[in-house]
Amino acid sequence: MKFTTDGLVIKENNVGESDRVVVVLTRDKGLLSAFVSGARKPKSKNAASTALLSYSHLCITESKGTYRITEAEAIDVFFGIRTDIERLSLAQYICELCQVLVPYEVEGEEFLRLALNSLHYIEKGKMDIYAVKALTELRLMVIAGFMPDLVGCRVCGTDQNFPLWLDLIGGDMLCNDCKARSKVSGSFAELDRTTFAAMRHIVYSQFSKLYSFVLPPENAKYLSFVTERYLLAQTERKFKTLDFFHSLELRL
């Protein structure tokens, strides 16, 4: 079977002397693992278009469950990201998140649209890097089925008794008074008004308005801290690319 689709390369591995195996986030089939013959040869027409972070139009053949990319035409290679180590590390983290959260061989339009837009904002510097990180983490979780309940306190229903407290395991909230009265144990993240409003926007807004918010750097960094804690608690795993991203904070 032969088909065409658009896809973002989110992982690449070298095979043999000149070949490559890639994981691609595609519009039509979610994640696909595909073999690219001769992709590492100096004169290969598919070299740049099947490299990590390349968004390309792909011609793919499938036989007995094995996919091969026969032709690839680059749409965007996000060159600006590759020239900055901090931006590149965040892009690689987004790719690793997609490897974990996106299912294989199902429709992947929402995941791909989010990843591409976030990479665009990272490349162009149109948004605080921590705000892009937080937005991508939380919206990916929403699409993948890990949406937090940010309507109001799970006991009394209020959304105005600050600070609110996000239950990182349960995925819902307690207001300050209800948390104090119930004396619950567990992992919670404190939400001030700014962080709560930003998270609500990320979770509930239409995609066309998703990136239309601005936070001061200190607020963006705290938002990133909260969304990261929520993601790690829900997925129950670590991400090597996230560790590397944070290691750069000590150097830059």
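Please work out the Cα center distance from the range 123-164 to the range 180-252, rounded to the nearest Å.
Using only Cα atoms to place each centre, the spacing works out to 7 Å.
How large is ³J(HN,Hα) for each residue in the range 142-150, as worked out from phi by the Karplus curve 6.51 cos²θ - 1.76 cosθ + 1.60 (θ = phi - 60°), to whole Hz, x for Gly and Pro?
For the range 142-150, the Karplus curve yields 4, 4, 7, x, 10, 5, x, 8, 10 Hz.
Under 12 Å from the Cβ of Gly108, count the other residues' Cβ atoms, weight Lys and Arg +1, Asp and Glu -1, and hand me the total.
Working: positive: Arg27, Lys29, Arg113; negative: Asp6, Asp28, Glu105, Glu107, Glu109, Glu110.
Result for the local shell: -3.
Which percent, to the nearest 5, of DSSP beta bridges fully inside the chain are antiparallel? Before the final figure, lay out the partial values.
Numbers: 38 of 42 bridges.
Within the chain, antiparallel bridges account for around 90 percent of the total.
Which of (i) 0.98; (ii) 1.41; (iii) 1.11 is the computed Cα Rg over 2.2 N^0.38 Å for the structure on display?
(iii)
Residue-wise, which Karplus ³J(HN,Hα) couplings in Hz belong to the range 60-73, taking 6.51 cos²θ - 1.76 cosθ + 1.60, θ = phi - 60°, and x for glycine or proline?
10, 10, 10, 8, 6, x, 10, 9, 10, 8, 9, 9, 8, 10
Under 5 Å between amide H atoms, partner at least 5 residues away or on a different chain: which partners does Arg27 have, H built in plane at 1.01 Å?
Asp6
Can you work out the Karplus-derived ³J(HN,Hα) for every residue in the range 75-90? Use 6.51 cos²θ - 1.76 cosθ + 1.60 with θ = phi - 60°, whole Hz, and x for glycine or proline.
Result, rounded to whole Hz: 9, 7, 10, 6, 4, x, 5, 5, 8, 10, 5, 5, 5, 5, 5, 5.
Per DSSP helix of 4 or more residues, -39500 (n - 2.57); summed, then divided by the residues of the chain. What does that give at 222 nm, rounded to the nearest 500? Kindly include the intermediate steps, with their values, before the conclusion.
Working: 8 runs with 100 residues, N = 252.
That comes out to -12500 deg cm²/dmol.
So what is the relative contact order for the range 107-252, in percent, with contacts set as C-alpha pairs under 8 Å and at least six apart? Don't skip to the answer; put the middle values down first.
Working: 155 pairs, mean separation 36.8, N = 146.
25 percent.
None of the figures in this text is laboratory data; all of them are computed from the coordinates on show. Computed from a predicted structure; not experimentally measured. Heads up, the Cβs are rebuilt from the backbone with ideal geometry, glycines too, and the neighbour counts pull from every protein chain shown.
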